[in-house]
1. For D53 and D114, calculate 0.36 nm times their separation in residues minus their Cα-Cα distance, and state this gained length in nm to one decimal.
2. Hey, what did the range 75-126 get for relative contact order, percent, Cα under 8 Å, at least 6 apart?
3. Using θ = phi - 60° and the Karplus curve 6.51 cos²θ - 1.76 cosθ + 1.60, what whole-Hz ³J(HN,Hα) does each residue of the range 105-122 get, with Gly and Pro shown as x?
4. Using amide H atoms built 1.01 Å from N in the peptide plane, name the residues 5+ places from S106, or on other chains, whose amide H lies under 5 Å from its own.
5. Run the numbers for A22 and Q86: contour at 0.36 nm per residue of separation, minus the present Cα-Cα distance, in nm.
6. How large is the Rg to Rh ratio of the range 14-173 when both quantities use alpha carbon positions and Rh follows Kirkwood?
7. In sequence order, what are the phi-derived ³J(HN,Hα) couplings for the range 60-73 according to the Karplus relation 6.51 cos²θ - 1.76 cosθ + 1.60 with θ = phi - 60°, rounded to whole Hz, with x for glycine and proline?
8. Could you name the lysines whose alpha carbon sits less than 19 Å from that of K152, not counting residues in the same chain fewer than 8 places away?
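A short reminder: the numbers here are calculations on the coordinates, not readings from a lab. This one's a predicted model, so the numbers in the text were calculated from it and none came from an experiment.
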Amino acid sequence: MTLLTILRYPDPRLHTVAKPVAAVDARIRAIARDMLETMYEAQGIGLAASQVDVHERLVVIDISEGHDQPLVLINPEIVWASPETQVNDEGCLSVPGVYDGVQRASAVRVQALDLDGQLRTHSAEGLLAVCIQHEMDHLMGKVFVEYLSPLKRNRIKTKMIKQKKDEERDAVR
Ligand code: GNR
Ligand code: NI
């Protein structure tokens with residue numbers, strides 16, 4: 001069992017654009033497994049490889065209560081998005097303690113390889129649709145706070161830097 005370190009905003013590495021996964025092999029399966037463990041431990045519903053400093057197009061999601069419906073999306077592409085949009089409060093493991101509204105497509109259809117390298121299509125609405133779009137933004141180097149106003153974003157940045165300093169001070173005490 002390997003827990004990975006989740007990068008925290010405003011770490012510049014979060015803005016790296018991920019490359020496609022070249023082959024669904026043992027290395028990718030191991031990263032996906034570690035990402036799922038890391039996501040469950042952090043009590044998140046999704047995690048993009050970018051957040052653990054792996055810049056390949058891979059995300060894991062599980063919106064189930066029982067943590068028993070893991071979804072691994074490799075080289076995901078949104079092939080359809082509803083014209084209808086919805087504003088939902090979002091949070092992010094890379095921006096702990098911050099929640100704010102983001103407008104996104106209400107429903108999406110996404111094509112992705114699974115852990116067997118099979119191309120599959122998933123239709124999603126509600127929280128799953130939100131999560132898929134949030135994770136795919138990470139792969140493009142985008143964090144949800146970038147949808148907020150510059151004022152809010154700067155306040156968040158300051159809060160995150162202060163949080164980190166406080167933690168570092170606690171760690172040496
Ligand atoms: O755990 C998470 N919860 C969440 C809630 C609303 C909208 C999106 C998310 S994703 C987030 C985990 C995360 O940071 N994934 O990148
Ligand atoms: Ni996130």
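1. Numbers: separation 61, 0.36 × 61 = 21.96 nm, distance 2.09 nm.
Additional length available on full extension: 19.9 nm.
2. Details: 91 pairs, mean separation 19.1, N = 52.
Over the range 75-126, the number comes to 37 percent.
3. Each residue of the range 105-122 in turn: 4, 5, 9, 9, 10, 10, 9, 7, 7, 9, 5, 8, x, 8, 7, 10, 10, 10 Hz.
4. Excluding prolines and chain starts, which carry no amide H, the hits are S82, E84, T85, Q86.
5. On the way: separation 64, 0.36 × 64 = 23.04 nm, distance 3.40 nm.
My answer for the length gained is 19.6 nm.
6. Details: Rg = 16.1 Å, Rh = 16.5 Å.
The Rg/Rh ratio comes out at 0.98.
7. 10, 9, 8, 9, 6, 5, x, 6, 10, 10, x, 10, 10, 10
8. Hits, sequence-local ones excluded: K142, K162, K164.
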